[in-house]
Amino acid sequence: MWTAASIFILVYLALIVCSRYRWLITLLGIAAALIFGAIEWQDLYSGVNWNIIGILFGSLLLADAFVYSRMPEAIADHLINRSPNLGAALMLIIVFASAFSIFMDNVVTVLVMAPIALQVTRRADINPVPVIIGLAISSNLQGMAILIGDTPSMILAAENQMDFMDFFYYNNYLHSSYDSWKVGIFWIVQVGAVAGLLVLYSYFRSEKRKVPHLRITPVKSWFPLVMVAAAVILLSLASTFDPHFTWFGGIATVITGAVSYLYVRVRRFHHQIEEQHRFDWETVIFLAGVFILVHMLEKQGVISSLVSRFGILEGAHPFLVLTAVVWFSVAVSAFIDNVPYIAAMFPVVHGMAENLGIPHELLFLGVLIGSCVGGNITPIGAAANLTAIGILRREGRPVSFGSFVRIGLPFTLAATTASYLLLYLLYGP
């Protein structure tokens, strides 16, 4: 048990110091686990949720194809040209980035939307920092709204055996205390998004000038959009063909993603972010590695040992337990990668819920909200934040740590508070 715990802690510390090579760090951690006997060779296969890996892989392919079609820019251009004033246009950029990131990787969202925002701010001669940071942090928030939005949502689905529709209307028949459908995390996230966007609006509401007109970006193809819609429809039907969510979603997403990606490559589409963003195979390896390392913790009894430590919370009010879980997750994720944290915490809070008699879903979703929104506090809390900071630096607008926090912290406090209070009202005992 101590060997497994030590390996995981060392991997975690290495990820904090050098997150750029997180895929390699997890592979080295797995190699150490094999050498010291914390896992066996068969665990390299059995410890991975291959359905989730397939969904992630296919989603990345779909995202690349959709971006290369130039449709996101075309939609954004139309929205901006129809805005009544500059402040509304800047908010529309952020809102559209937020909506776009529901289906696409957050870093891709920033890379696609930032040039549009910079074009508007240059013509209006205003500071681009608030809008670039705003679209990054709003993208991070919406990434957890649906199954294919971001890695943490996929880990949640793997741990709780949730299908695509459970993110909208939830009824976990495996270990749920509910007899009827409940509002899913998607709608809870939207309430948090509204609260956060109201905070961001305070930076732009005084801009009443006329919007600089943008030339509409021509759409290269509608086919990637058709494939994204096909993937969503197939995922919504997954529970019909695969009630235990073990294979259908992954296969369907990989097939639709591969078809759309090959279509783009055959047509030889090019895009302005092509040199900045390649297919993110590193995230696929990283997630598979995290699954194996968490499997190691469960196998060696580390998770059950941690759960037993929370006996001090016995008798505490469920709202206080949820509050502690949410804000602890916020604090941790403000500075370190939330993927290994979430993967390790889900089994822990599952055991906590069993011992304390609290609905599992309450703590699962509390961890998800806290860890996904918490990354918005600091520039190092999420990859999208670092991407936004890099873009601003190249624009000659370097952003200090404190400057980012002054925007990210109020947004996080508003979005987290609204989301987790609604979560308790809906899922609390």
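Each reported figure results from applying straightforward, stated rules to the coordinates on display, with no laboratory input. Just so it is clear, the structure is predicted and the values come from calculations on it, not from any experiment. Cβ sites come from the backbone with ideal geometry, for glycine too, and all protein chains shown count toward neighbours.
Computed quantities for the displayed model
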read-out	value
Largest-first principal axis extents, alpha carbons of the chain, Å	61, 49, 45
Residues C18, C372, sorted so that the one with the fewest Cβ neighbours within 10 Å comes first	C18, C372
Fewest-first ranking of T417, T240, using other Cβ atoms within 10 Å as the exposure measure	T240, T417
Amide hydrogen neighbours beyond the local backbone of E207, cut-off 5 Å, H modeled	G87
GNM flexibility winner over the chain from P218, P130, P359 (Cα, springs under 10 Å)	P218
Cβ-derived FRET efficiency at R0 25 Å, A316 paired with N171, nearest 0.05	0.35
5 angstrom amide H check on Y169, placed H, neighbours 5+ away	G184
Trypsin sites (Lys or Arg not before Pro), loop per DSSP, at most 15 other Cβ atoms within 10 Å - longest free stretch of the chain	279-429
Karplus (6.51, -1.76, 1.60) ³J(HN,Hα), θ = phi - 60°, over the stretch 233-245, in Hz, Gly and Pro reported as x	5, 5, 5, 5, 9, 4, 5, 5, 8, 9, x, 9, 6
Exposed-loop-free span, longest in the chain, where GluC sites (Glu not before Pro) count as exposed if DSSP calls them loop and at most 13 other C-beta atoms lie within 10 Å	41-273
Projected label distance in nm at N127 and A229, using a 7 Å step from Cα toward the beta-carbon	4.3 nm
Integer Hz, Karplus 6.51/-1.76/1.60 couplings in order for the stretch 132-139, x for Gly and Pro	5, 5, x, 6, 5, 6, 6, 5
In the stretch 14-78, the chymotrypsin sites (Phe, Trp or Tyr not before Pro) that fall in loop regions by DSSP, at most 11 other Cβ within 10 Å	W41
